[in-house]
Amino acid sequence: MVDGGRPANRVAAGIGGLLGHDRRSPAEYYEAASAELAAYPSVTVRRGEIVDGTRDPGGRFGVTTGDGRRERARTVLTNGGGHLSDAQRDQLAAGGVALDERPVAALDGPGTRLRSVRFADGGTLPIEALLVKTYLSSARRWPGTSAPR
């Protein structure tokens with residue numbers, strides 16, 4: 001996993017709608033999540049940002065970080081793909097990247113190892129790593145504050 005260290009919710013007063021973490025500060029959640037992720041032997045976290053990506057003839061993906069490091073993976077997965085513009089879809093297609101936009105039902109694997117993603121239609125896709133970007137918004141406010149929930 002390549003982590004740019006700038007969580008999308010970093011400016012929020014608190015987290016809302018994430019069971020067990022209501023009102024927790026994003027910074028506190030980021031620290032705890034980083035510690036939990038470190039316990040997975042199949043995950044390596046690298047600090048940086050992705051600036052380029054390609055797919056080789058063998059089907060593996062390569063990404064380049066801002067400091068010039070190259071990382072490799074077999075799969076790029078987006079759950080739903082609803083936030084991709086037509087231009088982004090065209091770029092991915094031109095690079096030989098296939099999108100699988102079926103809703104994800106579960107992640108499968110023994111213990112803390114990731115082996116595959118299971119889709120809502122029953123299909124599966126073998127994977128070793130997964131990057132998830134989530135979106136959450138609410139018009140409700142925290143009681144006693146002006147911060148959104």
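Among the residues of region 74-92, those that are surrounded by 12 or more Cβ atoms within 10 Å (Cβ to Cβ) and either at pLDDT 70 or above or not small (Gly, Ala, Ser) (or both) comprise Arg74, Thr75, Val76, Leu77, Thr78, Asn79, Leu84, Gln88, Arg89, Gln91, Leu92. Filtering region 43-54 for residues that are in a helix (DSSP H, G or I), modelled with pLDDT of 80 or more and under 24 Å from Val117 (Cβ atoms) leaves an empty set. Comparison of Arg24, Arg69 shows that the only residue that is free of Cβ contacts under 8 Å to residues at least 40 places away in the same chain, of a type in the set (D, E, K, R) and surrounded by 13 or more Cβ atoms within 10 Å (Cβ to Cβ) is Arg24. The residues on offer are Gly109, Gly122, Gly95, and the sole one that is among the small types (Gly, Ala, Ser), surrounded by 10 or more Cβ atoms within 10 Å (Cβ to Cβ), at pLDDT 80 or above and farther than 21 Å from Gly17 by Cα is Gly109. Close Cβ contacts (under 7 Å, 6 or more residues apart or on different chains) running from residues in region 87-109 that are within 22 Å of Phe119 (Cα to Cα) and among the acidic types (Asp, Glu) to residues that are at pLDDT 80 or above and not in a loop (DSSP other than H, G, I, E, B) comprise Asp100/Leu125; Asp108/Ser116; Asp108/Arg118.
The values are calculated or read from the model by the stated rules, or taken from the named source; none is laboratory data. Just so you know, these numbers come straight off a predicted model, no measurement behind them. As a convention, Cβ positions derive from the backbone with ideal geometry for all residues, glycine included, and neighbour counts pool all protein chains shown.
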